[in-house]
Amino acid sequence: MIASGAETGKAGYVGSTVCRACHSDVWSRFYKNPHFKSIASGKEDPANTGCESCHGPAEGHLKAHGGKASIISFPALSPKEVGAACLRCHSETLSRANIHASPHTLNGVSCTQCHSVHGSTTPKALLTKREPDLCYGCHSNLRAEFSMPSKHRVNEGFMACSDCHNPHGTFAPTWRMGRRPSLVDQALANEETCIGCHTDKRGPFAFEHPPVRVEGCEMCHMPHGSTNSRLLRRPVVFTLCLECHNGAGTFGRTGTGVPALSQAHNMANPRYQNCTNCHVRIHGSNSSPLFLR
Ligand code: HEC
Ligand code: HEC
Ligand code: HEC
Ligand code: HEC
Ligand code: HEC
Ligand code: HEC
Ligand code: HEC
Ligand code: HEC
Ligand code: HEC
Ligand code: HEC
């Protein structure tokens, strides 16, 4: 329960040094914690300094000679209360609105399931565990995707889940027609996260291939891993292209739909089945409207 000073009439702050006597284990590690800065600087007011900045005024706790009921104990708080306690200070760098709308918050995942203030073993961000093990702790089904023949090397430690995802929630994307996808973060100037690393796909190109911008990279690629080469969604390239290039629809530059293939494309000839042998600049080109160079 929240034993805030106002509720219990124990409004006094006593400072962090007194805690040492009874919580020496927590105390002796605390100088390494980024939250120690408030003690070191000595410039914050008591409500924002050291132990009591999170655990609240502790005068009543001392009078009671300890005990969980006389102080803010985090395991006793609801995920929402934990979030509010942390965001009191962290809403400058983390967007409250995004956190509230994120599937983590909506499903009751709290800050302290990913962050451990006193027991962290990671050098950065006070995580309960390193990535990707932190994430696999709840998303274990995804480990297999990152073991597929074509994959982003997350299990090998070359990149992290948080290179593409923001576990704290995301802004509405500018790709995929603004549909908010799975906590996928933005890169550079509000672009899809993939562009942050694959800068050669960024454009703008004189001749854009619309799905790259409109539907986004996941239209053709699996983001995590795939049994197909180049993380493609389909084993054979032409089946991917023919999902759209079948003459249907009324969209596109000319309003006549996505162009079907010309007669010259003899699909019985295996040479034509690997479309990107000729349409090599499939992500966009500066010299060929047909992406041939
Ligand atoms: C006189 C000894 C004593 C002092 C001094 C003391 N505590 Fe405690 N504290 C205890 C005892 C005993 C408990 C109950 C431990 C238990 O039940 O496992 C406790 C519990 C706590 C808990 C709850 C732990 C939990 O499991 O959630 C917090 C948080 C806490 N103390 C913080 C502080 C802080 C911050 C200070 C300094 C301002 C402080 N304590 C000073 C004895 C003390
Ligand atoms: C940034 C917020 C924050 C600060 C500052 C902080 N704590 Fe904690 N404390 C927590 C949280 C959250 C937990 C719950 C366990 C966890 O996440 O590590 C906790 C748990 C505890 C516990 C329970 C036992 C344990 O090891 O988990 C004690 C005791 C405790 N804190 C004492 C202190 C003392 C003493 C200080 C100052 C030296 C302090 N805390 C500073 C957030 C904080
Ligand atoms: C009184 C204000 C305050 C509260 C409350 C607070 N923090 Fe912090 N937190 C800070 C400050 C200040 C820093 C240090 C920022 C810096 O290094 O510039 C920090 C740093 C961090 C970091 C970054 C560590 C790193 O390596 O970059 C994490 C993670 C963090 N806090 C999590 C939490 C969590 C979780 C809670 C709630 C249990 C919490 N904080 C509550 C002020 C606070
Ligand atoms: C699902 C797991 C998860 C949850 C829930 C979570 N975080 Fe984080 N947080 C992370 C990871 C992972 C990082 C490190 C990101 C990186 O390395 O880029 C991080 C980084 C941070 C940082 C330091 C870097 C920054 O972006 O400023 C702070 C502060 C922080 N989290 C606070 C919080 C607070 C406060 C909450 C609760 C409102 C929270 N986190 C909830 C996983 C989580
Ligand atoms: C404590 C458990 C827990 C941890 C740890 C955790 N998640 Fe989650 N995550 C959930 C739950 C619960 C949901 C919402 C239900 C669902 O979609 O599975 C979720 C949802 C997501 C989603 C959105 C899924 C969708 O369909 O929209 C993404 C992306 C995600 N998590 C990524 C991560 C990443 C990256 C990490 C590690 C930094 C992480 N999670 C750590 C429990 C967790
Ligand atoms: C290269 C970027 C990238 C990396 C690295 C990445 N993801 Fe994703 N992830 C995505 C994209 C993009 C989507 C959205 C796919 C869609 O909506 O079609 C997604 C979807 C998800 C989803 C929801 C759909 C599903 O497949 O269940 C979860 C959960 C998830 N990722 C978790 C993780 C975790 C956990 C890790 C690390 C082990 C991770 N992701 C690493 C880009 C990435
Ligand atoms: C953090 C940087 C980073 C981000 C973000 C990123 N990638 Fe990658 N990607 C790489 C690296 C590095 C490789 C090289 C493959 C390896 O690791 O062996 C790669 C390889 C690929 C490949 C080629 C795989 C092969 O088998 O040749 C494709 C396709 C790809 N990424 C698509 C994407 C998509 C789609 C996204 C967004 C969902 C994305 N990438 C986000 C770094 C990134
Ligand atoms: C219309 C389908 C389509 C879309 C959309 C698409 N790609 Fe591709 N991509 C392909 C195909 C097909 C290949 C394989 C080309 C080959 O075999 O030479 C490929 C290959 C790649 C490769 C590996 C070879 C290379 O050119 O570096 C990367 C990396 C890549 N794509 C990244 C991306 C990114 C990032 C996006 C989003 C900005 C994206 N792709 C969007 C179809 C697509
Ligand atoms: C999601 C649907 C979609 C997929 C998948 C797709 N395309 Fe396209 N493609 C389009 C649209 C839309 C246009 C633009 C048509 C217009 O401007 O009228 C286009 C244009 C083109 C053009 C230029 C045609 C012209 O006349 O300007 C070529 C060549 C092309 N695509 C080849 C491919 C190949 C090869 C693949 C498979 C790797 C592929 N496309 C996959 C939707 C798609
Ligand atoms: C051997 C090289 C080659 C291969 C392989 C190839 N194309 Fe083409 N494609 C061309 C050339 C050259 C043109 C322009 C002349 C024409 O329309 O025949 C073209 C034109 C197109 C156009 C524009 C048609 C129009 O009327 O505007 C589309 C769409 C297209 N190709 C898609 C594909 C798809 C999808 C595949 C795979 C099934 C593919 N191409 C395989 C060489 C190739």
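The values are calculated or read from the model by the stated rules, or taken from the named source; none is laboratory data. From a predicted model like this one, the values you see are computed outputs, not experimental measurements. Please note: Cβ atoms are built from the backbone with ideal geometry, for glycine as well, and neighbour counts cover all protein chains shown.
In region 63-86, the residue that is surrounded by the most Cβ atoms within 10 Å (Cβ to Cβ) out of those that are closer than 28 Å to Asn98 by Cβ, hydrophobic (A, V, I, L, M, F, W, C) and in contact with a His (Cβ under 9 Å, 6 or more places away or on another chain) is Ile72. What single numbered condition from (1) exposed (fewer than 15 other Cβ atoms within 10 Å of the Cβ); (2) touching a helix residue (DSSP H, G or I) at 6+ places or on another chain (Cβ under 7 Å); (3) not hydroxyl-bearing (Ser, Thr, Tyr) fails to hold for Ile99? Every condition holds for Ile99 apart from (1). Scanning region 194-215 finds no residues that are crowded, with 18+ Cβ neighbours inside 10 Å and farther than 18 Å from Arg281 by Cβ. Residue count for region 120-149 satisfying the condition of being of a type outside the set (Lys, Arg) and either part of a helix (DSSP H, G or I) or within 12 Å of ligand 6 (Cβ to nearest atom) (or both): 16. Does His115 meet the test of being closer than 27 Å to Asp133 by Cα and in contact with a strand residue (DSSP E or B) (Cβ under 9 Å, 6 or more places away or on another chain)? Criteria met by His115. If you go through region 58-116 and pick out every residue that is of a type in the set (Asp, Glu) and away from ligand 1 (no atom under 16 Å from the Cβ), you end up with 1.
Is it the case that some residue within region 145-158 is within 16 Å of ligand 8 (Cβ to nearest atom), among the charged types (D, E, K, R) and without any contact (Cβ under 8 Å) to a residue 40 or more places away in the chain? Yes. Residues that are assigned to a helix (DSSP H, G or I), more than 16 Å from ligand 6 (Cβ to nearest atom) and within 18 Å of Leu127 (Cβ to Cβ) occur at least once in region 94-105. Leu106 fulfils the conditions (1) closer than 25 Å to Cys194 by Cα; (2) hydrophobic (A, V, I, L, M, F, W, C); (3) modelled with pLDDT under 95 except for a single criterion, (1).
All of (1) over 16 Å from His115 (Cα atoms); (2) of a type outside the set (A, V, I, L, M); (3) in the same structural domain as Ala21 (by TED's automatic domain parsing); (4) surrounded by 14 or more Cβ atoms within 10 Å (Cβ to Cβ) hold for Lys43 with one exception: (4).
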